[in-house]
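*Asks:* One structure is given below, represented as structure tokens, and several questions about it will come after.
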Amino acid sequence: MSDLRDPAPYDALLLLSFGGPEGPDDVVPFLENVTRGRGIPKERLKEVGQHYFLFGGVSPINDQNRALLEVLRKDFAEHGLDLPVHWGNRNWAPYLTDTLREMTDAGHRRIAVLATSAYASYSGCRQYRENLADALATLEAEGRRLPRVDKLRHYFNHPGFVRPMIDGVLASLADLPEDVRAGAHLAFTTHSIPTSAADASGPAAEHGDGGAYVRQHLDVARTVAEAVAHETGVEHPWELVYQSRSGAPHIPWLEPDICDHLESLHAAGAPAAVMVPIGFVSDHMEVLYDLDTEATAKAAELGLPVRRSATVGADPRFAAAVRDLLLERAASERGIPAERCALGALGPSHDLCPVGCCPARAARPAAAGADSPYA
């Protein structure tokens, strides 16, 4: 194996995800985990959980992670990487702490971590790092020898993440009626977050006016739209919009909301739209409900033809991108230059989150960054 195909110093990969309920009895306990420390009454959580109850109390995210694990292991085996792949969640079984404990007990000492969140933000990056620090603190208190964990860089603009989304848009456009296809607008969607969190996302030098979070999404949206125009010969109008807002109504969040945007498109005479969930790795609950259910119902009410393009999910090209990110980081850790693939204008993201990157709401330790207490 050449130096650039060697995963050393890593002896395992950890897929780190959000988690989700797998039955009706799981919904409220899951939401209690998600909202821990906020003092939200159980009755309110039951109301919030209605989205899950509509789908039998099952979030698709765990099955999607199982599918991703399968394609990752297959890709690694086909390319000669003898590296085990484990899976842990922040908010539901298999829990991160349990998985890290099992990995530690199995002898793993240097673990690469892939989070199922592609962009910079507190909830999309630093909170995962805080959860890693919490898990390591628990293992330390148990007297275990701690592994070193390194979070792989943001992959929002990696070709293996972007190209499947381009193909998803092309397929959705082709599925629209021919008489509205050429005039269809592209609505690139991502999770709305408080504007204060967006403004503080990314390294300190990138803070302000949406921060790295908005900048990264705009760059991906532009890259996808330009590729679609190149391959179809049609320039489709596009906009970055938001979905899945939660929290107090008096706190400013990123706008416009997808449903409001569909109303605006209809009022302006747009003949059709394609919703492109660039902010999501897989078709989990916020895609199934907020787009496939709520936004699609709004479009039907308006009489606006609409399609929703696919997320990346377990696409083999994404698995290849993960392998690429792992080997790239491994080479860097060994002091060997490696190509760092990225599309768009922003270039590849940093390996190590600097101090002040996506600052916490309150001071908490975070692993796998320049400010990590676990070097």
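The values are calculated or read from the model by the stated rules, or taken from the named source; none is laboratory data. Being a predicted model, the structure only gives us computed values, none of them experimental. In this analysis, Cβ positions are derived from the backbone assuming ideal geometry, glycine residues included, and neighbour counts consider all displayed protein chains.
*Asks:* Output the residues belonging to the stretch 173-185 that are farther than 16 Å from His230 by Cα and either part of a helix (DSSP H, G or I) or free of Cβ contacts under 8 Å to residues at least 60 places away in the same chain (or both).
*Replies:* Asp175, Glu178, Asp179, Val180
*Asks:* Then there is this: Among the residues of the stretch 295-321 satisfying the criterion of being among the charged types (D, E, K, R) and over 23 Å from Gly269 (Cβ atoms), which is nearest to the chain's Cα centre (by Cα)?
*Replies:* Step by step, filter the stretch 295-321, then rank; the result is Asp315.
*Asks:* Among the residues of the stretch 271-286 satisfying the criterion of being part of a loop (DSSP other than H, G, I, E, B) and over 17 Å from the mean Cα position of the chain (by Cα), which is surrounded by the most Cβ atoms within 10 Å (Cβ to Cβ)?
*Replies:* Looking at residues that are part of a loop (DSSP other than H, G, I, E, B) and over 17 Å from the mean Cα position of the chain (by Cα), I get Ala272.
*Asks:* Return yes when Gly107 is closer than 30 Å to Ala270 by Cα and part of a loop (DSSP other than H, G, I, E, B) and no when it is not.
*Replies:* Answer is no for this residue.
*Asks:* Here is a further query. For the stretch 217-264, what are the residues that are of a type outside the set (A, V, I, L, M, F, W, C), touching a residue at least 60 places away in the same chain (Cβ under 8 Å) and out of contact with any Phe, Trp or Tyr (no Cβ under 9 Å at 6 or more places or on another chain)?
*Replies:* Those that are of a type outside the set (A, V, I, L, M, F, W, C), touching a residue at least 60 places away in the same chain (Cβ under 8 Å) and out of contact with any Phe, Trp or Tyr (no Cβ under 9 Å at 6 or more places or on another chain): Thr223, Glu231, Thr232, His236.
*Asks:* Within the stretch 58-74, restricting attention to residues that are free of Cβ contacts under 8 Å to residues at least 60 places away in the same chain and in a helix (DSSP H, G or I), which residue is farthest from Pro24 (Cα to Cα)?
*Replies:* Among those that are free of Cβ contacts under 8 Å to residues at least 60 places away in the same chain and in a helix (DSSP H, G or I), it is Arg73.
*Asks:* Consider Tyr289 against the criteria (1) buried (at least 16 other Cβ atoms within 10 Å of the Cβ); (2) outside the structural domain of Leu170 (by TED's automatic domain parsing); (3) in contact with a helix residue (DSSP H, G or I) (Cβ under 6 Å, 6 or more places away or on another chain): it satisfies all of them except one. Which criterion is unmet?
*Replies:* (2)
*Asks:* Pairs needed: first member in the stretch 98-115, more than 16 Å from Leu69 (Cβ to Cβ); second member anywhere, of a type in the set (Lys, Arg) and in a strand (DSSP E or B); C-beta distance under 8 Å; at least 6 residues apart or different chains.
*Replies:* From the stretch 98-115, the pairs are Arg109/Arg148; Arg110/Arg148.
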